[in-house]
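Engineer: Take this structure first; my questions come after.
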Amino acid sequence: MLRLENVTHAYDGRLVLRDISLELGEHRIGLIGANGSGKSTLARTLNGLIVPDSGRVLLDGLDTRTHAREIRRRVGFVFSDAAAQIVMPTVAEDVEVGLRGRGPTREEIDERVRCVLERHGLAGHRDHPAHLLSGGQKQMLALASVLVTEPEILVCDEPTTLLDLRNIKVIEQTLRGLAQQVILLTHHLDTLAGFDRVLVMDAGSIVFDGAPDAAVAYYTELMALSAPTEGEHQS
Amino acid sequence: MPGIPTPRVRHRGLTVRDIALIGMFAALLAVLSMPFAIPVGPVPITLQTLGVMLAPSILGAKRGTLAVLTFLALTLAGLPLLPGGRGGVMPFLGPTGGYLLGWVVGALAIGLLTRFMLPRYRFWIGFGSNVLGGVVVIYLIGVPWSAIALGDGMLATIMSTFAFLPGDLIKAALAAAIAAAVHRAYPIPPAGRPVAANAADSA
Amino acid sequence: MSMLGLYVPGDSVLHRLPVGAKLLVLLSAVTAVVAFADLWSALGAALAALLLYPLCGFTFRHVWRVLRPLLPFLAVIALFQALVGDGATAVRVCAQLAMAVLLSGLVTLSTRVSEMLGLFERLARPLRYAGVRPDRVALVLALTIRCLPLAASAWQASREAYVARGLRGRPHLMVVPVIIGLIRSAEAMGEALAARGID
């Protein structure tokens, strides 16, 4: 289980995380908040991409400060910009790059790549140049490339922000069907229906922690209060 | 890699972020050689040497030189990344092959010269570094090579003076202006991870 | 960007030779002919290199593609030597250049890009003792190929934005945002690599 203990972090003198302590054990956890509220930074501390200035982030007692490599293998991460997550020239190469040097043999790697591509509707694109995929397919590929390493926990930082409605549904459905724990950052509030727990962040703090309906209501009100004019409160 | 113990914090190795920056600038070099290829005389003039100057001025000696090497390795392997869709072993053994090798040393020189003025990049020093590393060093390797290939030293010198030099001086100024703007708007931290003196090497 | 590059598929002896051997032969042949500096052996070597093309299944088009970038140089040499008045040297130098480029062309046309990159990775292996990680060599080469379309489209997009805003002159102002955008993308890719446990 992921545990945050008094996590505080600053960027250029600006506090983005203020003394956050949390236990993240639920199967489906949502994290919402305005741009700049600190949710992306919080997400990046969960697998050691960011090590907080003070406080600790622990996965089953392992500190991200000292065990970043092991924790990253157990906590997968999906970003919003699919293009930047694709790091290899072709689809299959991109999926397998995370498996290389981890022990599985050539045959096992091929088999796992084949399985994961099939499961995510990319089987026909195995040897295609990855940059020719559509936006939705690219995000699917990013997801597949992370899932192929079979992480226990998946952190998704606004995976649907750059997608159209149809692709948002596809990604949502895929996430819903996953066996592993999912921590989802999103601006699409209706995605959170059925989640076990939703956290609301504002100015570096967790300001609400509870059921999805109540959290969404709280967040909507918060945004209405802080927005200077109508319709300016979301990206 | 057992390093020599130094009393202060230094940066060592390359992070994946550095690897990504190297790859991106190697790709930028390829792009700069494509749309602006202007055939003047026997030697195609392109923005490519602009890329050779930009990579070390922006990324520093280590990453900049590796970006140039990566680009050359892909070209040598047979990708048509040079102006006019050229590539493979041919350009390396042709009359201008020396310039390609000169790029590596030139990029290293620019990177080392740039380091002295950082964190603040100044245009005139940058321009001077680009001329020294991106023109003088490259010509020191390129001209003798051409002399052997063309069978005549004077011909090689005339060619570089008239075909390359004017463009390269403009590119040195352009590269310094761009590097100054990039350093001002988006400073990039040094390559590698900070290592304290005598720290155990885990990279 | 196709990974085929300049490679031309075939099954000649040359196609089947290991790439390291081909490069070794190429370098020794070129060095020998240039060092020997003899008119007739240079001409002979150039002719032999030319004859190898049909033998390996390549056509006149391939010869032309390999030789074309060299033509301006040959013209300049001829012109220059005509003024100086040393015809024999001019012919020898032209033959040497043609031979070097034709032989290099044979290597490139008959070798897959991936095979050549594999050679570089093997050659990088001994550098392990100097602190270079050989797996990094493979990673950076693949990453660069991935970045090519990214860099090209960023360049294109910025040029369109530049034109759309009706800007004219000072094109370096267009380059700065492209480069900063590419640096940002590279950093995001670095982060994605790190998140996938590659470091």
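The values are calculated or read from the model by the stated rules, or taken from the named source; none is laboratory data. Only a predicted model underlies this, so the values are computations on that prediction, with no experimental measurement involved. Please note: Cβ atoms are built from the backbone with ideal geometry, for glycine as well, and neighbour counts cover all protein chains shown. When the accessible area is computed, the model is the full protein with side chains, heavy atoms only, and any ligands, DNA or RNA have been set aside. Shrake-Rupley method; radii C 1.70, N 1.55, O 1.52, S 1.80 Å.
Engineer: Once the Cβ-Cβ distance between B:PHE123 and A:ASP12 is put in as r, and R0 is 35 Å, what FRET efficiency do you end up with, to the nearest 0.05? Walk me through the numbers before you get to the answer.
Structural biologist: On the way: r = 26 Å, r/R0 = 0.74.
For B:PHE123 and A:ASP12, the calculated efficiency is 0.85.
Engineer: Once Rh is set to the Kirkwood radius over Cα pairs, what Stokes-Einstein translational diffusion coefficient, in µm²/s, holds for the protein assembly as shown at a temperature of 10 °C and a viscosity of 1.306 mPa s?
Structural biologist: Estimated via Stokes-Einstein, D reaches 59 µm²/s.
Engineer: Roll a 1.4 angstrom probe over the protein heavy atoms and tell me the percent of accessible area of the protein assembly as shown that is carbon or sulfur.
Structural biologist: Carbon plus sulfur share of accessible area: 63 percent.
Engineer: Now a separate question. Express in nm, to one decimal, how much length is gained between C:ARG159 and C:ALA37 on full extension, taking 0.36 nm for each residue of separation and deducting their alpha carbon distance.
Structural biologist: 39.0 nm
Engineer: Separate question: Return the value, in Å² to the nearest 100, of accessible area buried between chains C and B (probe 1.4 Å, both sides summed). Kindly include the intermediate steps, with their values, before the conclusion.
Structural biologist: Numbers: alone 13330 and 10560 Å², together 18700 Å².
That pair hides around 5200 Å² of surface in total.
Engineer: Also: Tell me, what is the 1.4 Å probe accessible area of A:ASP209, in Å² to the nearest 10?
Structural biologist: Surface accessible to solvent at A:ASP209 totals approximately 80 Å².
Engineer: Scan around A:MET201 for amide H atoms under 5 Å from its own, H built in the peptide plane at 1.01 Å from N, and keep only partners 5 or more places away or cross-chain.
Structural biologist: A:ILE32, A:GLY33, A:VAL207
Engineer: Relative to the longest principal Cα axis of chain C, at what angle does helix C:71-84 sit, 0 to 90 degrees, rounded to 10?
Structural biologist: Its long axis makes an angle of about 50 degrees.
Engineer: Expressed as an acute angle from 0 to 90° and rounded to the nearest 10, what is the orientation of the C-alpha long axis of helix B:97-115 relative to the principal long axis of chain B?
Structural biologist: 40 degrees
Engineer: Provide the per residue accessible area, probe 1.4 Å, for the stretch A:1-119, rounded to a whole number of square angstrom.
Structural biologist: Each residue of the stretch A:1-119 exposes 42 Å² on average to a 1.4 Å probe.
Engineer: With the dipole of the protein assembly as shown worked out from charges on the C-beta (+1 for Lys and Arg, -1 for Asp and Glu) around the Cα centre, which of B:LEU169, A:PRO151, B:PRO189 lies farthest toward the positive end?
Structural biologist: B:LEU169
Engineer: Could you compute the net charge surrounding B:PHE25? Neighbours are other residues with a C-beta less than 14 Å from the C-beta of B:PHE25; K and R count +1, D and E count -1.
Structural biologist: Net local charge, B:PHE25 excluded: +3.
Engineer: Let me ask you something else. Please give the average number of partner chain Cβ atoms lying within 10 Å of the Cβ of each residue in C:173-183, rounded to a whole number. Could you put the intermediate results ahead of the total?
Structural biologist: Working: counts 3, 0, 11, 9, 3, 3, 11, 5, 1, 6, 11.
Shielding by partners across C:173-183 averages 6.
Engineer: Which order do the peptides B:174-186, A:31-43, C:28-40 come out in when sorted by mean C-beta neighbours inside 10 angstrom, highest first?
Structural biologist: Listed from highest to lowest mean packing, they are A:31-43, B:174-186, C:28-40.
Engineer: Quick check: from the Cα gyration tensor, does the stretch A:44-96 come out rounded (a/c under 1.5), prolate or oblate?
Structural biologist: Taking the square roots of the gyration eigenvalues as a ≥ b ≥ c, the stretch A:44-96 is prolate.
Engineer: In whole Å, what are the extents of chain C along the principal axes defined by its C-alpha atoms, from largest to smallest?
Structural biologist: 60, 48, 34
Engineer: Determine the sum of side-chain charges near C:ALA194: Lys and Arg each +1, Asp and Glu each -1, restricted to other residues whose C-beta is under 11 angstrom from that of C:ALA194.
Structural biologist: Local charge sum for C:ALA194: +2.
Engineer: Averaged over C:90-100, how many beta carbons belonging to a partner chain fall within 10 Å of each residue's beta carbon?
Structural biologist: Per-residue shielding by partner chains comes out at 3.
Engineer: Then there is this: What per residue convex hull volume, in Å³, comes out for the stretch C:13-111 when only alpha-carbon positions are used?
Structural biologist: Per-residue hull volume (Cα only) is 84 Å³.
Engineer: Within straight cross-link reach of A:LYS169, meaning Cα distance under 30 Å, which lysines are found once same-chain residues fewer than 8 apart are removed?
Structural biologist: A:LYS39, A:LYS138
Engineer: Hey, another quick one. Equivalent ellipsoid semi-axes for chain A, as square roots of 5 times the alpha carbon gyration tensor eigenvalues: give them largest first, rounded to whole Å.
Structural biologist: After scaling each eigenvalue by five and taking roots: 30, 22, 15 Å.
Engineer: What accessible area, summed over both chains, is buried at the A-C interface (1.4 Å probe, Å², nearest 100)?
Structural biologist: Approximately 1900 Å², summed over both chains.
Engineer: Nearest 500 deg cm²/dmol is fine: what mean residue ellipticity at 222 nm does chain B get from its DSSP H runs of n ≥ 4 alone, each adding -39,500 (n - 2.57), divided by its residue count?
Structural biologist: For chain B, the value works out to -18500 deg cm²/dmol.
Engineer: Can you tell me the Rg and the Dmax, both Å, for the Cα atoms in the stretch B:9-187?
Structural biologist: Computed over the Cα atoms of the stretch B:9-187, radius of gyration and Dmax are 15.7, 51 Å.
Engineer: Taking 8 Å as the Cα distance limit and 6 or more residues as the minimum spacing, I'd like the relative contact order of the stretch C:13-111 as a percentage.
Structural biologist: 47 percent
Engineer: What translational D, rounded to a whole number of µm²/s, comes out for the stretch C:128-195 from Stokes-Einstein when the hydrodynamic radius is the Kirkwood one over Cα pairs, at 10 °C and 1.306 mPa s?
Structural biologist: Values: Rh = 14.1 Å.
Stokes-Einstein gives a translational diffusion coefficient of 113 µm²/s.
Engineer: How would you order A:179-189, B:142-152 from highest to lowest mean count of nearby Cβ atoms within 10 Å?
Structural biologist: B:142-152, A:179-189
Engineer: By average Cβ neighbour count within 10 Å, what is the ranking of C:73-83, A:96-106, B:18-28, B:52-62 from highest down?
Structural biologist: Ranking, from highest mean packing down: B:18-28, B:52-62, C:73-83, A:96-106.
Engineer: A follow-up question, please. Could you state the accessible area per residue of the stretch C:128-195 in Å², with a 1.4 Å probe and every protein chain left in place?
Structural biologist: 46 Å²
Engineer: Compute the semi-axes of the equivalent ellipsoid of the stretch A:107-203, taking the square root of 5 times each eigenvalue of the Cα gyration tensor, and list them largest first in whole Å.
Structural biologist: The three semi-axes for the stretch A:107-203 are 25, 16, 11 Å.
Engineer: Still on this structure, please answer the following. Within 10 Å of each Cβ in B:139-145, how many Cβ atoms from other chains are there, averaged over the peptide?
Structural biologist: Mean partner-chain Cβ count within 10 Å for B:139-145: 0.
Engineer: Once both axes come from the Cα atoms, what is the angle between helix C:87-109 and the longest principal axis of chain C, in degrees from 0 to 90, rounded to 10?
Structural biologist: Around 50 degrees separate the two axes.
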